[in-house]
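Reading through the structure tokens given below for one structure.
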Amino acid sequence: MEAFKNLTIVVLASTELETLKQTVQILLEICASEDIAEIVIFLISDDCPSAAVAAEIIENHRSPVPIRCAVQQVSGLSPAVYEIQRLVENSSHLLIIASDLEMDPYSVPAMIQTAKEHPDAIVCASKFQKGAIRKNYGGFHYLCNRVVNFAVERILHIKGTELISTFQIYPVALCEKMNFTNPYRTFYEYTIRPLAMGANYIEIPTNYKPRSEGDSNFNPRKYIDLGVTFIRTALSERKRLKAEAKAQKNRETEKR
């Protein structure tokens, strides 16, 4: 696996205003410029509320780290995760981070250091690791998250406390090896598949606080729907891996 050279940071934005500014400012202040190839503000559309803020950030920034905007071809979180791969040009690694400040951007330098030490690994910042702080994270959300996470661990025989999260540093070479074909086409496929295929996975603690702008995406109904979809994706992934293993065994038998 390629050594850590630098990182493309993709900041997801749609309705965020002040927190988008804060996210980019924090990243520029706390990360070494030589570690960051560029920051890409990935907008859900070219006329979303975050678009004007992104233009202002780019116009006013004086950092040596390049900042640019890109716009999703298809709106939604799942399309965003899959489209992000086309945004990376010369980096060895990729980081996806939301601009709502729910997950703590101050964790990024520690994530980068871990990626330097383990360049083949997916490095995930988890709000369930020892040492993490969760502010106002409701009991219902906690219970649902833990149940779903536990179920997927058992289905795919993988270990992790934050399997749902995309707040990860991802080796680009690993990303290019993944053949994302799940019929449900959820972003969970992006987080689950490499782990199910045995990719090295390291979690570090991060802090969580509810977003201050706009409504949270995780209302109870949607949270349950996401959990069911996550489990369905894991079952589909297990079926796919079994089919691939069987096909490989048949090919080996034919060669004998």
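Details
- Over all other residues within a Cβ to Cβ distance under 13 Å of Q73, the charged ones net out to -1, with Lys and Arg as +1 and Asp and Glu as -1.
- Screening the chain for whole DSSP H helices of 15 Å or more along their axis (Cα) with average Kyte-Doolittle hydropathy at least 1.0 returns none.
- Partners of K249 within straight-line reach, counting lysines whose Cα lies under 29 Å from its Cα and excluding those fewer than 8 residues away in the same chain: K159, K177, K239.
- Three semi-axes of the equivalent ellipsoid, segment 101-151, Cα gyration tensor, whole Å, largest first: 25, 15, 8
- Fully extending the segment from K255 to S75 would add 60.2 nm, taking 0.36 nm per residue of separation and subtracting the current Cα-Cα distance.
- For the chain, the residue among L17, V74, N219 whose Cα projects farthest onto the positive side of the dipole built from Cβ charges is N219.
- Of the residues A245, A125, A196, the one that moves most in a GNM of the chain with alpha-carbon contacts below 10 Å is A245.
- Assuming charge only on the beta carbon of Lys and Arg (+1) and of Asp and Glu (-1), the dipole of the chain about its Cα centre is about 1520 debye to the nearest 20.
- Local electrostatic count at K159 - Lys and Arg +1, Asp and Glu -1, tallied over other residues with Cβ under 12 Å: -2
- Paired Rg and Dmax values of segment 1-95, which use every Cα atom, in angstrom: 13.0, 39
- Net dipole in debye of segment 46-157 [+1 Lys, Arg Cβ; -1 Asp, Glu Cβ; about Cα centre; nearest 20]: 560
- Here the extension length gained between Q129 and A55 equals 23.1 nm, from 0.36 nm per residue of separation less the Cα-Cα distance.
- With neighbours defined as other Cβ atoms within 10 Å of a residue's Cβ, the residues T114, T253 order from fewest to most as T253, T114.
- With R₀ set to 22 Å, the beta-carbon distance separating N90 from S45 gives a calculated FRET efficiency near 0.25.
- Size descriptors for the chain: radius of gyration and Dmax over Cα atoms are 18.5, 66 Å.
- Order of Y170, Y82 - criterion: other Cβ atoms within 10 Å of each residue's Cβ, fewest first: Y82, Y170
- Surrounding net charge for Y142, when Lys and Arg each add one and Asp and Glu each subtract one, Cβ distance under 14 Å: +3
- GNM flexibility winner over the chain from I97, I112, I155 (Cα, springs under 10 Å): I155
- Fewest-first sequence of V152, V81 by Cβ atoms within 10 Å of each Cβ: V81, V152
- Phi-based couplings in Hz for segment 81-98 (Karplus 6.51, -1.76, 1.60; Gly and Pro marked x): 4, 7, 6, 4, 4, 6, 7, 7, 10, 10, 8, 8, 9, 10, 10, 9, 9, 6
Laboratory data are not the source of any read-out in this text; all were calculated from the coordinates shown. The model shown is predicted, which means the values in this text are computed figures rather than measured ones. Using ideal geometry, Cβ is built from the backbone for each residue, glycine included, and neighbour counts are taken over all protein chains shown.
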